[in-house]
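> Handing you a structure now.
Coordinate-derived values only; no laboratory data. Predicted model only: the values in this text are computed from it and were never measured. Counting neighbours? That spans all protein chains shown, and the Cβs are built from the backbone with ideal geometry, glycine included.
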Number of protein chains: 4
Amino acid sequence: MIANFRSDNETPVAEPVLQAMVDANRGTACAYAEDAWSMRLDEAFSALFETDVRVLPLPTGTAANAIALASVTPPWGAVLCHRNAHIYCDESGAPEFYGHGLRLVTGDGDAGKLTPESFAHALHGASGHGVHSYQAAALSLTQCTECGTLYEPGEIAALCGQASDAGLATHLDGARFGNAVAALDCAPADLTWRAGVEMLSFGASKNGCMAAEALVFFGHHERYVTAERLRKRGGHLFSKMRYLSAQLLAYIENDLWLRLAHQANAQAARFAAAVESHPEARLEYPAQANEVFVRWSVPAFERLEAAGIGFLTWPGQDDLGRFVFGHSTTEEDTEQLLAALQALS
Amino acid sequence: MIANFRSDNETPVAEPVLQAMVDANRGTACAYAEDAWSMRLDEAFSALFETDVRVLPLPTGTAANAIALASVTPPWGAVLCHRNAHIYCDESGAPEFYGHGLRLVTGDGDAGKLTPESFAHALHGASGHGVHSYQAAALSLTQCTECGTLYEPGEIAALCGQASDAGLATHLDGARFGNAVAALDCAPADLTWRAGVEMLSFGASKNGCMAAEALVFFGHHERYVTAERLRKRGGHLFSKMRYLSAQLLAYIENDLWLRLAHQANAQAARFAAAVESHPEARLEYPAQANEVFVRWSVPAFERLEAAGIGFLTWPGQDDLGRFVFGHSTTEEDTEQLLAALQALS
Amino acid sequence: MIANFRSDNETPVAEPVLQAMVDANRGTACAYAEDAWSMRLDEAFSALFETDVRVLPLPTGTAANAIALASVTPPWGAVLCHRNAHIYCDESGAPEFYGHGLRLVTGDGDAGKLTPESFAHALHGASGHGVHSYQAAALSLTQCTECGTLYEPGEIAALCGQASDAGLATHLDGARFGNAVAALDCAPADLTWRAGVEMLSFGASKNGCMAAEALVFFGHHERYVTAERLRKRGGHLFSKMRYLSAQLLAYIENDLWLRLAHQANAQAARFAAAVESHPEARLEYPAQANEVFVRWSVPAFERLEAAGIGFLTWPGQDDLGRFVFGHSTTEEDTEQLLAALQALS
Amino acid sequence: MIANFRSDNETPVAEPVLQAMVDANRGTACAYAEDAWSMRLDEAFSALFETDVRVLPLPTGTAANAIALASVTPPWGAVLCHRNAHIYCDESGAPEFYGHGLRLVTGDGDAGKLTPESFAHALHGASGHGVHSYQAAALSLTQCTECGTLYEPGEIAALCGQASDAGLATHLDGARFGNAVAALDCAPADLTWRAGVEMLSFGASKNGCMAAEALVFFGHHERYVTAERLRKRGGHLFSKMRYLSAQLLAYIENDLWLRLAHQANAQAARFAAAVESHPEARLEYPAQANEVFVRWSVPAFERLEAAGIGFLTWPGQDDLGRFVFGHSTTEEDTEQLLAALQALS
């Protein structure tokens, strides 16, 4: 493999983040998130989001999503999400596990995005006849979506407004939140609480951290108390939490997270442009952040792989390739990809 | 605080372990435990334990314990343990959570240790009348115990033999397993599978790692398949598992773990000897590894604390102090403690 | 209300069943299903089904369905069913509760019936990438379907064959099993084990019992042991089980259940024929058993109701009426309905 | 067996209760507890308890207990109870199941009764260090106790007062509540809400009903909403609830329940007096209601059994016999017992 575009999960840790962990490695520190690093999280993220937030540091996005949703949904409650959502497709039922049998109800929508109509339709289907049915309890959106596309702030606001009108809590799975903010060039607040989002799984592992996510609560801080319990019972309350929190602090310090995301997005844009001008390959979805989905022939993909380019095809669709650009993707990597693409035209 | 003996959870990461993480930070690597480091775990631990094992890397001991127990216990099954066990007292029901309502049944025993009699008594109480009762399913021992004491290999063998005769699976919570092996000067195998232990929560975080434990399966590898599912649903399948696995590999390489544990145990022994010759303070339990429990007067403890010595008293017993010696405890730390002790005699 | 076609759940208890309960009310009897009535269930149902079965008496269909599915599905397993299935739409997550977060995955199909294609499609969607996804574990069919239609034995055999090939257990929700057997004029075995069904929720409450269902296991009797545990933990192991078992015995004795079902089906057929010849109303689905679904205008339904006819409209579809004929529906009831229908033409 | 004192679970249904079920068997009735009988429960029990209550009809005491406790206890919450409590010893984890891994913490006390001291001790042990421990959430008392003894109203008030001061909800497992009220000759209110009890599992099955218990909520009616959800998910929302509710109405009408209980208690008292004057047998506990526990020799018990007397010995204690007098125990039954006892003196 001369260049790897399989997943941003495969990237290493960004140097400033690793350095912060090394720097944290001095002397003893209080255990179980009572260390100085963890104690600074609320303040640092409140500044970043321009509002008073509570932050629960966690090692994985699956844990953050599951704990967020379980903190607002009773076992007989339903969470609405897009049918491609990570919580539905890729977490082996972590939300159902933490939520003691809650149900995920999926809606449709092009390019990985729920629409007001598809959400209303799913909500209607999830609502029912009293105790015989699940009770709709939360909406979970994904930003960037699983198709590499983006919700505009106004789109999020519309969906969260619908959710709120129906009495639902709102959650954003931001596994690639940095790529979204970088691409939309807006304030983090604009994509979250200003648009009606109440809880955010603020992803950091894919974009430069080692194993660190921040579950952010905008208001409703009583949910944080429940989430803390779920974190402990789930085995996610690290004794040496300082190293996890140090990652998160370094990640948002001096806009590191946005610089890393911009770098990834820029490489993705170069590739997307090349695909657009390619005679055969074509973009499956608008390439709006750091992922590019390409529809092409199976033989072409096989030749691309043989040329040393690493990427994944969609499960069950061998003619749909996904190319992910990470914070560590270099210009040389991208040029290798472009050259291989061009050689196949 | 001039010297900190509050908990080995508060220690930093040992340099070789941190260096291994830094070394692992090169280029991309397969996600979700399919990286080269994680793929080496089975082999490395099989060599360490002199038998064919399967290893599930996890970030916390709570996760390791809960997943181990849930992989052998049905929701209507009971796990037998000492009434001081971490799984019973300190995990907020993680075993009950992962085990979907399994029950922990506790037994007594001096100095944190179950005896054949107390185990038999607890087992008798847990067994019952068919479907009306829980069904005894597993025995979980702790080594070192919560009182800083040790089970001899023969003691483990006797209890595991009883358990096996009753059809129970056997688990060892080895949060301080390194301190135990170092203190008993035996092979890791002697304290585990040779003594009838089927699953081990091999602790590493307290003794030099950042957030890393190895759940080790001796035989019954079908349980590993269940445990993998529980790990994923619990949100513990890290995308960048290489950094967790690299810790474990560095930890056991060249006996680092034993050297670190010996260092901690040796400091503890120095302090224990000083307590024994002290006119007022006295050892509550035999100090067999890296923890020393001291019965003294409340005013004496207050003066010790005022002298800058960090330690914890037992919940509800202000005249019982716990002093924990970690891998990073220096001779200077211990000398500060000895001096403060002497000054109060 | 001059005649009630709202639901067979609203019918009284058939006289022979009630008499059996009265007859059982003599002297003391062993508790917890060790009474003489309960002990006869296996034999009586084995004779009925022409094979060796184990029977777990339960008071509700929801309990029977949930316990059946949970006895074959791990928490990370998926149950495939039609999107209209009672287990998905009407049990408030009882399967997810008993199954500790298992997932129901739905397929489509006209008139409430899965097809080989829709089942294959749903199965494909439910299958995934190892531990990241749920693992397909069971197929649950409904007979009669929620649309009042029937699977032919060959259709069940085809679907169960697909399920078995994919390693899935098979379950039939037979809340109206009597109506199905009566309508298809086949042996109970033909619709169950001979067609590959491994577990049956044999419904009796709707068709003449008070609160009694039989969860029948065809083979795989080790599942029965798990189901017994789930029954106890769910609070369904009645102390005075004799009265529940007596219902079931009376229900199947001398073909009472089939006579009751025939009676209901015959009334439904009369009404269906009248709808077919009506100028405006039309059958939404083939009326194959004891339920008739009628598409008509909202004003027409309002007038029908005003005329004293009890029935329900489908949630969210005021122009789709459901008319259910029970074991206690009399010819006079049906004639009232036919007269009211005719008066509105 | 010439006379059966094994358990009040083995008794038949009292005639007026059975007659009420027969009377309810007329025509159709709304399903799922919206029938006329179920709708009367709140009013009837409010009159009985002299306060505004909500009543959830359920078929078993296990379901009532589990649903009550789960409606006030989070998964990380602990329920305090006596170590002999039915919820701990005989329900195979139903509370843990409905409560998603809640924990039962037991206290000691002679003759099956918690004392202020033993409750305080257990509460102290259950309370802990923040998220690392379970959080004490409820107290559950049993009346009559598992030893056939009684709490005086003042004793209940003291324990409930302690519980309330500690922020715990309070529950009474009243499987034999009728025997208690009859024996203490007080108002039902005196043993419940006036003494600080917030939820009552009002048992009826043992004392004359077929399968009927009333979960009674004194205040905190929002818990009823949760309990309704749990009832449905547990599969306990009967379609034909009228027959269950009719039992409960008949049971409390005209003090039937108290007359039945008095009858049972009176027979027990006769036998207890005979034991007291017996040269060898002796009462293990004060015989205060309808159960008599006798300490005697194993050979004597064997001879008693050989004489045709049915009774049970305590699990693991062959020299401790339990004799239960039910609503259907006749004077002849008791005389047979007395004669057999006397023949063995």
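> Defining the label point at 7 Å along Cα→Cβ, can you sort the distances from C:Q19 to the same site in each other copy, shortest first, in nm?
Between copies, matching label points for C:Q19 lie 2.1, 9.1, 9.2 nm apart.
> Here's something else I'd like to know. What are the label-to-label distances in nm, one decimal and shortest first, from C:G219 to the same spot in the other copies, with labels 7 Å along Cα to Cβ?
3.2, 5.8, 5.9
> Which whole-Hz ³J(HN,Hα) couplings does region D:199-210 yield from phi under the Karplus relation 6.51 cos²θ - 1.76 cosθ + 1.60, θ = phi - 60°, glycine and proline marked x?
9, 10, 8, 7, x, 9, 4, 5, 10, x, 8, 8
> Which value, in nm² and rounded to one decimal, describes the direction-averaged projected area of the C-alpha convex hull of region A:12-144? Mind dumping the intermediate values first?
Working: hull surface 43.8 nm².
That works out to 10.9 nm², a quarter of the Cα hull's surface.
> Can I ask one more? Could you grab the relative contact order for region A:1-134? Cα pairs under 8 Å, six or more apart, rounded to a whole percent. Working shown, then result.
Working: 124 pairs, mean separation 21.3, N = 134.
Taking the mean separation of contacting Cα pairs over the length of region A:1-134, I get 16 percent.
> Note the full-extension length gain between C:D52 and C:D319 as 0.36 nm times their separation in residues minus their Cα-Cα distance, in nm to one decimal. Walk me through the intermediate numbers first.
Values: separation 267, 0.36 × 267 = 96.12 nm, distance 4.62 nm.
Extending this stretch completely gives an extra 91.5 nm.
> Another one. What nm distances, shortest first, do you get from the label point of A:A273 to those in the other copies when the point sits 7 angstrom along Cα to Cβ?
7.3, 7.7, 10.5
> Considering amide H positions built from the backbone, and no H for Pro or chain starts, which residues 5 or more places from D:L104, or on another chain, come under 5 Å of its amide H?
Amide H to amide H, under 5 Å and 5 or more residues apart or across chains, D:L104 pairs with D:V79.
> Could I ask something else about it? Looking at the axis that maps chain D onto chain A, which chain D residue has the closest Cβ, and how far off is it in Å, rounded to a whole number?
Axis-proximal residue of D, distance in whole Å: D:H100, 2.
> Which percent, nearest 5, of DSSP beta bridges in the protein assembly as shown are antiparallel?
50 percent
> If you don't mind, there's one more thing I want to ask. Taking θ = phi - 60°, what integer Hz values does the Karplus form 6.51 cos²θ - 1.76 cosθ + 1.60 yield along region D:108-116, in sequence order, with x for Gly and Pro?
9, x, 5, 6, x, 10, 5, 10, x
> Hey, another quick one. What residues from region B:68-111 fall in the zone where the backbone N is under 15 Å from a label point 7 Å along the Cα-to-C-beta line of D:H121?
Backbone N within reach: B:108.
> With n ≥ 4 as the cut-off for DSSP H runs, can you work out [θ] at 222 nm for the protein assembly as shown, using -39500 (n - 2.57) per run divided by the number of residues, rounded to the nearest 500? Present the calculation step by step, with values, prior to reporting the outcome.
Details: 54 runs with 561 residues, N = 1380.
Per the formula, -12000 deg cm²/dmol.
> Something else: Using only the Cα atoms of the protein assembly as shown, each taken as one equal point scatterer with no solvent, compute I(q) by the Debye sum, divide by I(0), and report log10 of the ratio at q = 0.04 Å⁻¹.
-0.26
> Can I ask one more? Only Lys, Arg, Asp and Glu count, each charged at its Cβ (+1, +1, -1, -1), so figure out the dipole size of chain D about its Cα centre, rounded to 20 debye. Mind dumping the intermediate values first?
Details: 23 positive and 41 negative charges, 188 e Å.
The calculation lands at about 900 debye.
> Restricting the count to DSSP beta bridges whose residues both fall in chain A, what percent are antiparallel, rounded to a multiple of 5? Mind dumping the intermediate values first?
Working: 21 of 41 bridges.
If I count the DSSP bridges inside chain A, around 50 percent turn out antiparallel.
> At 10 °C and a viscosity of 1.306 mPa s, what translational diffusion coefficient does Stokes-Einstein give for region B:1-81, taking Rh as the Kirkwood radius over Cα pairs? Give it in µm²/s as a whole number. Walk me through the numbers before you get to the answer.
Values: Rh = 16.3 Å.
So the translational diffusion coefficient is about 97 µm²/s.
> Moving to a separate point now. With the cut-off at 19 Å, report for region C:145-198 the share of all Cα pairs above it, as a whole percent.
Values: 300 of 1431 pairs.
Counting every Cα pair in region C:145-198, those more than 19 Å apart make up 21 percent.
> Taking a quarter of the surface of the convex hull around the Cα atoms of region D:189-345, what do you get in nm²? Please report the intermediate quantities before stating the final value.
On the way: hull surface 47.6 nm².
Spelled out: convex hull of the Cα atoms, projected over all directions, averaged, 11.9 nm².
> Quick one: which residues, 5+ away or cross-chain, put their amide H under 5 Å from the amide H of C:H82? H built at 1.01 Å from N.
Here C:G107 satisfy the definition.
> Take every Cα pair under 8 Å in region B:199-300 that's 6+ residues apart, average their separations, divide by the length, and report that relative contact order as a whole percent.
Relative contact order for region B:199-300 comes out at 19 percent.
> Pop out the ³J(HN,Hα) list for region B:252-267 in order, Karplus 6.51 cos²θ - 1.76 cosθ + 1.60 with θ = phi - 60°, rounded to Hz; leave Gly and Pro as x.
9, 5, 6, 6, 3, 4, 6, 5, 4, 5, 4, 4, 5, 4, 4, 5
> Rounded to two decimal places and with Rh computed the Kirkwood way over Cα pairs, what is Rg over Rh for region C:15-255? Please report the intermediate quantities before stating the final value.
Numbers: Rg = 17.3 Å, Rh = 17.9 Å.
A ratio of 0.97.
> When Cβ neighbours within 10 Å are restricted to other protein chains, what is their mean count per residue of peptide A:11-21?
Values: counts 6, 9, 7, 1, 1, 0, 1, 5, 1, 0, 6.
Per residue, the number of nearby Cβ atoms from other chains is 3 on average.
> Something else about it: In percent, what relative contact order does region D:15-255 have, based on Cα pairs under 8 Å that are 6 or more apart in sequence? Intermediate values should be presented prior to the final figure.
Values: 479 pairs, mean separation 69.8, N = 241.
Relative contact order for region D:15-255 comes out at 29 percent.
> Can you give me the long-range amide H partners of D:A136? Hydrogens built in the peptide plane at 1.01 Å from N, cutoff under 5 Å, separation of 5 or more residues or another chain.
Distant-sequence amide H within range of D:A136: D:A78.
> Let me ask something additional. Semi-axes of the equivalent ellipsoid of region C:264-345: what are they in whole Å, largest first, if each equals the square root of 5 times a C-alpha gyration tensor eigenvalue? Could the numbers behind the result be given before it?
Numbers: eigenvalues 60, 39, 31 Å².
Working through the eigenvalues yields semi-axes of 17, 14, 12 Å.
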